[in-house]
1. Could you tell me whether any residue of segment 64-86 is surrounded by fewer than 15 Cβ atoms within 10 Å (Cβ to Cβ) and outside any loop (DSSP other than H, G, I, E, B)?
2. Looking only at segment 27-41, filter to residues that are in contact (Cβ under 8 Å) with a residue 40 or more places away in the chain and outside any loop (DSSP other than H, G, I, E, B); which one of those is farthest from SER70 (Cα to Cα)?
3. What are the residues in segment 64-98 that are more than 18 Å from MET21 (Cβ to Cβ), of a type in the set (Ser, Thr, Tyr) and touching a strand residue (DSSP E or B) at 6+ places or on another chain (Cβ under 9 Å), if any?
4. Give the number of residues within segment 108-141 that are among the polar types (S, T, N, Q), farther than 21 Å from GLU88 by Cβ and crowded, with 16+ Cβ neighbours inside 10 Å.
5. Just to verify a result, which residue in segment 104-124, among those that are in contact (Cβ under 8 Å) with a residue 60 or more places away in the chain and small (Gly, Ala, Ser), is nearest to ASP155 (Cα to Cα)?
6. Pull out all pairs, ordered by first then second residue, where Cβ-Cβ is under 7 Å, the residues are six or more apart or on different chains, the first lies in segment 44-62 and is farther than 15 Å from ASN12 by Cα, and the second is in a helix (DSSP H, G or I).
7. Restricting attention to segment 188-211, which residues are part of a helix (DSSP H, G or I) and among the charged types (D, E, K, R)?
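The values are calculated or read from the model by the stated rules, or taken from the named source; none is laboratory data. Here the structure is a predicted model, which is why all the values come from computation and not from measurement. Here the Cβ positions follow ideal geometry from the backbone for every residue, glycine too, while neighbour counts run over all protein chains shown.
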Amino acid sequence: MTALSVVIITYNEEKNIARCMQSVTPVADEVIVLDSFSTDRTAAIVRQLGGCLHQRAFSGYGSQKNAAASLACHDHILFLDADELLSEKLCESILREKSQGFPQDCYLMNRLNNYCGQWIRHGSWYPDRKVRLAHRQKSAWSLDIVHESLVPDKDASVGLLAGDLLHYTYSNYDDHVEKNNRYSRLSAQLLFEKGKNVNWVKIVINPFWAFFTSYFLRAGFLDGFNGFVIAVQIGHLTFLKYIKLHRLKRNI
């Protein structure tokens, strides 16, 4: 059976890290945690659960994850955030691929988000597919300042695993609003650095289209009130991103 490293980056994740690490017990041959000098009990919990703890100043999400990957002993790596965990079915899928020597270079998995205590199974948030398991020589994390992703090489084969990656997102609406403000600033900065333009069509129409897509075209209404809230927040994030890009353009 092919060995598998699990890699997690952390900063003040004492509320989440134990749940995350315990979920990978059936599949992990080692758990590598790269911590950004947490001031809570994160480091102590990692050591208590048998994880291999390293510490490094935070250098951006993609950069930090690439650095964490370099610490792994095995070529096949599963990347998780501390607020994520493997479902039982996803564990079974990984074990099946592991027993076959991981025939694919990289693997997509569906991410199921928990929003204010509710699992969101529709809208723009599901299946929310992510590449999270890959051969170290066939992939690398992008260095974008926001929405970093694990990018397979052009010649890499990519499979899809059954089961869900469970993600605990926001516990209340205030947290979501605050993150929208932060992410919209970073997203606008990224678009600005890439030379993207903005106009009134994008500022006015795109937020409405983002809401419409999530709530109606992708059936977010089936998630009830929270499905509506999420669709509104997606539209709001889109609006903030473009007005902040507009401001950056005006200040050139």
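1. The answer is no; no qualifying residue exists.
2. Within segment 27-41, the match that is farthest from SER70 (Cα to Cα) is GLU30.
3. SER93
4. The qualifying residues number 2.
5. Only one residue tops the list, namely SER124.
6. These pairs meet every condition: LEU49/ALA18; LEU49/MET21; GLY51/MET21.
7. Within segment 188-211, GLU193, LYS202 qualify.
For (1) in the same structural domain as ALA28 (by TED's automatic domain parsing); (2) more than 18 Å from ASP223 (Cβ to Cβ); (3) modelled with pLDDT under 95; (4) not hydroxyl-bearing (Ser, Thr, Tyr), each residue gets a yes or a no:
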{"position": "GLU88", "(1), (2), (3), (4)": "yes, yes, no, yes"}
{"position": "GLY123", "(1), (2), (3), (4)": "yes, no, no, yes"}
{"position": "ALA140", "(1), (2), (3), (4)": "yes, yes, no, yes"}
{"position": "VAL151", "(1), (2), (3), (4)": "yes, yes, no, yes"}
{"position": "LYS196", "(1), (2), (3), (4)": "no, yes, no, yes"}
